[in-house]
Amino acid sequence: MIKIEHLSKTYTSRKGNVIALEDISLEIAQGAIYGIIGLSGAGKSTLVRCLNRLEEPTSGSISIEGQVITKLPGKELREARQTIGMIFQHFYLLQSRTVAENIAFPLEIAGYKKADIDKRVKELLPLVGLEEKADVYPSQLSGGQKQRVGIARALATQPKVLLCDEATSALDPQTTLSILDLLRDINQSFGLTIIMITHEMKVIKEICTDIAVIHESKIVEHGPVEDVFIQP
Ligand code: ADP
Ligand code: ADP
């Protein structure tokens, strides 16, 4: 379970203060596909950056399976980050590395042995349907294939949580559906929690079990998808 309690974030700059998150409290159950939806500027990216601790919240706390991640010193923080995988709208693949080398990258950083890395990459390639593309460079891939590499890379260290930041926003509708299918399969196979940050209602309706609506830095509604969207 991920527990976000009274989380607030204010950016301070010379131009003044911007309140990006205001008293956010959410509980995200293990194995949920939890959608966080809101307009541009609502605070979604800030929330993601607090979850992976790229941003320090101004107040409040986040715990993942009982471990408070908002208070961890350097070494523990690096370890905790390995339990959170992340995929992005623009993929952020390394252009000078092949598909297999991109997937291996987080394992190298984490200090895995070469033989273990090779074994793990061989498991991940078929999982995302890219066995044929192991030695190809990102520039030779379609958008959907690039996101599959992103997903495999995010899963490399076997995280407990997968954070998806507008993961399908750069993809056409059909490719979006295939990526959402893959995420659903991964959720079901590994029981890992998926958090989907999006501005697209169709993403929520397609795969999410729960949803929180964020508006002007506050959560205005949350709950199981079928409760939040009452069918006419
Ligand atoms: P979203 O992801 O929903 O578009 P953000 O979290 O990016 O929203 O932004 C929330 C608010 O915080 C916006 O008003 C934005 O301009 C502001 N903001 C985001 N990042 C920074 C920053 N590094 N410095 C100052 N203000 C920021
Ligand atoms: P076991 O408990 O027997 O390890 P799992 O279902 O946890 O079974 O794992 C089965 C396979 O799935 C293993 O090859 C493992 O590497 C892979 N796996 C498990 N969890 C994840 C995850 N979060 N992301 C990617 N692969 C995973």
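The values are calculated or read from the model by the stated rules, or taken from the named source; none is laboratory data. All of these numbers come straight from a predicted model, not from anything done at the bench. No Cβ is skipped: glycine too gets one built from the backbone with ideal geometry, and neighbour counts run over all protein chains shown. Areas reflect the complete protein model, heavy atoms only, side chains present, ligands, DNA and RNA absent. Shrake-Rupley method; radii C 1.70, N 1.55, O 1.52, S 1.80 Å.
Positive-end ranking of Gly129, Leu171, Val203 along the dipole of region 110-232, with charges on Cβ about the Cα centre, is headed by Gly129.
Taken over the chain, the ratio of Cα radius of gyration to 2.2 N^0.38 Å equals 1.02.
Please report, in debye to the nearest 20, how large the charge dipole of region 123-188 is about its Cα centre when each Lys and Arg carries +1 at its beta carbon and each Asp and Glu carries -1 there. Don't skip to the end; give the middle numbers.
Values: 6 positive and 9 negative charges, 31 e Å.
For region 123-188, the charge dipole is close to 140 debye.
What does the convex hull of the Cα atoms come to per residue for region 1-69, in Å³?
On the way: hull volume 5.7 nm³, N = 69.
In region 1-69, the Cα hull volume divided by residue count equals 83 Å³.
Against the main long axis of the alpha-carbon atoms of the chain, helix 99-109 sits at an angle near 60°.
When only the Cβ of Lys, Arg, Asp and Glu is charged (+1, +1, -1, -1), the dipole of region 140-232 relative to its Cα centre reaches about 400 debye. The rule of thumb for compact globular proteins, 2.2 N^0.38 Å, goes into the C-alpha radius of gyration of region 75-147 1.13 times.
How big is D, in µm² s⁻¹, for region 30-93 by Stokes-Einstein at 37 °C and 0.692 mPa s if Rh is the Kirkwood radius over C-alpha pairs?
Details: Rh = 13.3 Å.
Answer from the Stokes-Einstein relation: 247 µm²/s.
Place +1 on the Cβ of every Lys and Arg and -1 on the Cβ of every Asp and Glu in region 1-48, take the dipole about the Cα centre, and give the residue among Gly35, Ile19, Leu7 whose Cα lies farthest towards its positive end. In region 1-48, that residue is Ile19.
Rolling a 1.4 angstrom probe over region 39-89 with all protein chains present gives an accessible area of which 52% lies on carbon and sulfur atoms. A 1.4 Å probe run over the chain, with the rest of the protein chains in place, finds 51 Å² accessible per residue.
Taking the chain as a Gaussian network of alpha-carbon nodes connected by springs under 10 Å, the highest mean-square fluctuation of the residues Ala170, Ala152, Ala212 belongs to Ala170.
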